[in-house]
Amino acid sequence: NPTGNTGMAKGGYGDLLPGMILALLSRGVLPEHAAMLGVYLHGLCGDITAQRVGEDSALPSLAAESIGDAIKKLRT
């Protein structure tokens, strides 16, 4: 997975990942695809957040707010 950064090594980021995977599963994505896509999007959210506020300030709550932007970026 090419996404993600060291700013994600803080409490709360690990909680965001299973929520993203479960959301994909609930939309009918196959489990193996949901896992792969969830990991990629999780890291992409971390990257988008780090670009906005810097790695040190990249809180998981801010990464969760970046989910829409990550999906848009993935679709382009």
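The values are calculated or read from the model by the stated rules, or taken from the named source; none is laboratory data. Here the structure is a predicted model, which means the values were calculated and not measured. Don't worry about glycine lacking a Cβ; one is built from the backbone with ideal geometry, like all the others, and counts go over all protein chains shown. The accessibility values were calculated without ligands, DNA or RNA, using every heavy atom of the protein model including side chains. Shrake-Rupley method; radii C 1.70, N 1.55, O 1.52, S 1.80 Å.
Things worth noting here:
- Just one of the listed residues (36, 20) is part of a helix (DSSP H, G or I), open to solvent by 40 Å² or more (accessible area, probe 1.4 Å) and among the hydrophobic types (A, V, I, L, M, F, W, C), namely 36.
- Taking residues in the range 41-65 that are touching a residue at least 12 places away in the same chain (Cβ under 8 Å) and open to solvent by 10 Å² or more (accessible area, probe 1.4 Å), and partners anywhere that are of a type in the set (Asp, Glu) and assigned to a helix (DSSP H, G or I), the pairs with Cβ atoms closer than 6 Å and at least 6 places apart or on different chains are 48/69.
- Among the residues of the range 3-17, those identified as of a type outside the set (Ser, Thr, Tyr) and open to solvent by 20 Å² or more (accessible area, probe 1.4 Å) are 4, 5, 8, 9, 10, 11, 12, 14, 15, 16, 17.
- Listed by first and then second residue, the pairs with beta-carbon distance under 7 Å, at least 6 apart or on different chains, first residue in the range 24-38 and more than 19 Å from residue 2 (Cβ to Cβ) and among the hydrophobic types (A, V, I, L, M, F, W, C), second open to solvent by 60 Å² or more (accessible area, probe 1.4 Å) and in a loop (DSSP other than H, G, I, E, B), form an empty list.
For every residue, the table says whether it meets (1) part of a loop (DSSP other than H, G, I, E, B); (2) of a type in the set (Lys, Arg); (3) in contact with a Ser or Thr (Cβ under 7 Å, 6 or more places away or on another chain).
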residue: 16; (1), (2), (3): no, no, no
residue: 25; (1), (2), (3): no, no, no
residue: 29; (1), (2), (3): yes, no, no
residue: 47; (1), (2), (3): no, no, yes
residue: 62; (1), (2), (3): no, no, yes
residue: 68; (1), (2), (3): no, no, no
residue: 71; (1), (2), (3): no, no, no
